[in-house]
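Novice: One structure is given below, represented as structure tokens, and several questions about it will come after.
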There are 2 protein chains.
Amino acid sequence: MASLSIVDGLAQLSFLVLGRLERRAAEHDLSIVQTRLLGVLRDRRPTMLELAKLLGLDKSSVSGLVDRAERRGLVTRIPSAADRRSVLVGLTEQGRTLAAEVAARFEADVTEILALLPDADRKSLSSLVSGLLVAHARANGVDLFDTLVPSHE
Amino acid sequence: MASLSIVDGLAQLSFLVLGRLERRAAEHDLSIVQTRLLGVLRDRRPTMLELAKLLGLDKSSVSGLVDRAERRGLVTRIPSAADRRSVLVGLTEQGRTLAAEVAARFEADVTEILALLPDADRKSLSSLVSGLLVAHARANGVDLFDTLVPSHE
DNA sequence: CTAGATTGGTTTGTGCCACGAACTAACTAG
DNA sequence: CTAGTTAGTTCGTGGCACAAACCAATCTAG
């Protein structure tokens, strides 16, 4: 039972957490990336390029990503009024409900894992994690956006 | 600055941590999966099937994975003495040094992020994370193996 | 001992993800 | 009006992931 280092611990935990997400997403035939796409769009209607930045992907990758999601009726491309080259991507109703469902199940998973900790510990963990993320966001001048989005440097 | 929920926080943190890993791995033209492969092999010499279980992949996926790594001289297939159907996979010297390098850089990254927390907080976080992982491992009867390996249920 | 079942691995086909390079269309500066 | 930039798509390549089909070795019933 070699007590694992904090680095190992965080790596482990990260795999565990994202593994749950992946599993829940797979239940609805979503990949992690598709899920992140839906997550990002919950409160945004970005252009393709903004989306690429948000997801940390190449714009060409986003083309295909949105293609597939659009084919499934989860998102729509809306021609931008301001710039005729540009396209806005938004959730459809179907996409929105799907995103909500996956998020809920994932949340339940994580909550279940966290239930292994006594109340007090869970609270501490929560505030430490928040603190760390806030500090990191500040240190990198990055604005903290919500669920399912990685902080890219 | 909406204080994010613990679930969101953990998701964020996980993306952040694995994002670093991915970046460091990419510096050496490794994917996350390749890196996990090397990580798993640091102290094991499993069969293909064991490897599949360890990585949570299908055996057919592992075939290709090992193919590519072998082509790059990072791992070797060793015919099993015990069972002539079976193949053992092990690191080459090159694979071992590469794994060490990536691990070191990744560790530095995470350490740097953790440096944003005051000493006491970092220590608390460390023990909370360990505690959570241990509890989870116990709850699932899984033995806790080391770095870069997800706990599969 | 042998016929049938099981097991370990590879191969093949399909689809997603990711990138860079090349390209079109639209916007912007001068 | 022209030159250069920007937004997005397309194409080609390669890794990742799975299921299904397959082969060879091993096990097991009878």
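The values are calculated or read from the model by the stated rules, or taken from the named source; none is laboratory data. Fair warning: this is a prediction, and the values are worked out from it, not measured in the lab. Cβ sites come from the backbone with ideal geometry, for glycine too, and all protein chains shown count toward neighbours.
Novice: In the stretch B:1-33, what count of residues is obtained for those that are part of a helix (DSSP H, G or I), touching a Leu at 6+ places or on another chain (Cβ under 7 Å) and more than 12 Å from chain A (Cβ to nearest Cβ)?
Specialist: Result for the stretch B:1-33: 0.
Novice: Being closer than 20 Å to B:Gln94 by Cβ and either under 10 Å from the mean Cα position of the chain (by Cα) or not in a helix (DSSP H, G or I) (or both) is the filter here, so list the residues in the stretch B:42-68 that pass it.
Specialist: Within the stretch B:42-68, B:Arg42, B:Asp43, B:Arg44, B:Arg45, B:Pro46 qualify.
Novice: Further, regarding this structure: Output the number of the condition that A:Arg96 fails; it satisfies all remaining conditions of (1) outside any helix (DSSP H, G or I); (2) at pLDDT 95 or above; (3) out of contact with any strand residue (DSSP E or B) (no Cβ under 7 Å at 6 or more places or on another chain).
Specialist: So the condition that A:Arg96 fails would be (1).
Novice: Need pairs with beta-carbon distance below 9 Å; first residue buried (at least 18 other Cβ atoms within 10 Å of the Cβ) and within the stretch A:113-127, second of a type in the set (A, V, I, L, M) and not in a helix (DSSP H, G or I); sequence gap 6+ or separate chains.
Specialist: Correct list of pairs: A:Leu125/A:Leu117.
Novice: Another question about this same structure. What pairs come up if the first residue lies in the stretch A:49-75 and is within 14 Å of chain B (Cβ to nearest Cβ), the second is in a helix (DSSP H, G or I) and more than 10 Å from DNA strand D (Cβ to nearest atom), and their beta carbons are under 9 Å apart, counting only those six or more places apart or on different chains?
Specialist: Pairs found: A:Leu54/A:Arg36; A:Leu54/A:Val40; A:Leu55/A:Val33; A:Leu55/A:Arg36; A:Leu55/A:Leu37; A:Leu55/A:Val40; A:Gly56/B:Gly19; A:Leu57/A:Val33.
Novice: Filter the stretch B:29-76 down to residues that are more than 8 Å from DNA strand C (Cβ to nearest atom), surrounded by fewer than 22 Cβ atoms within 10 Å (Cβ to Cβ) and β-branched (Val, Ile, Thr), then give me how many there are.
Specialist: The number of residues fulfilling the criteria is 3.
Novice: Kindly indicate whether A:Arg85 is closer than 26 Å to B:Arg20 by Cβ, in a loop (DSSP other than H, G, I, E, B) and either without any contact (Cβ under 8 Å) to a residue 24 or more places away in the chain or in contact with an Asp or Glu (Cβ under 8 Å, 6 or more places away or on another chain) (or both).
Specialist: Judged against the criteria, A:Arg85 is not a match.
Novice: Out of A:Val142, A:Val62, report the one residue that is modelled with pLDDT of 95 or more and among the aliphatic types (A, V, I, L, M).
Specialist: One residue alone meets the criteria, A:Val62.
Novice: Consider the stretch B:69-79. How many of its residues are within 17 Å of the chain's Cα centre (by Cα), of a type outside the set (Val, Ile, Thr) and not in a loop (DSSP other than H, G, I, E, B)?
Specialist: The total comes to 1.
Novice: Right, another one. When the residues of the stretch B:82-105 are narrowed to those that are within 14 Å of another protein chain (Cβ to nearest Cβ) and within 16 Å of DNA strand D (Cβ to nearest atom), which ends up surrounded by the fewest Cβ atoms within 10 Å (Cβ to Cβ)?
Specialist: Only one residue fits best here, namely B:Val102.
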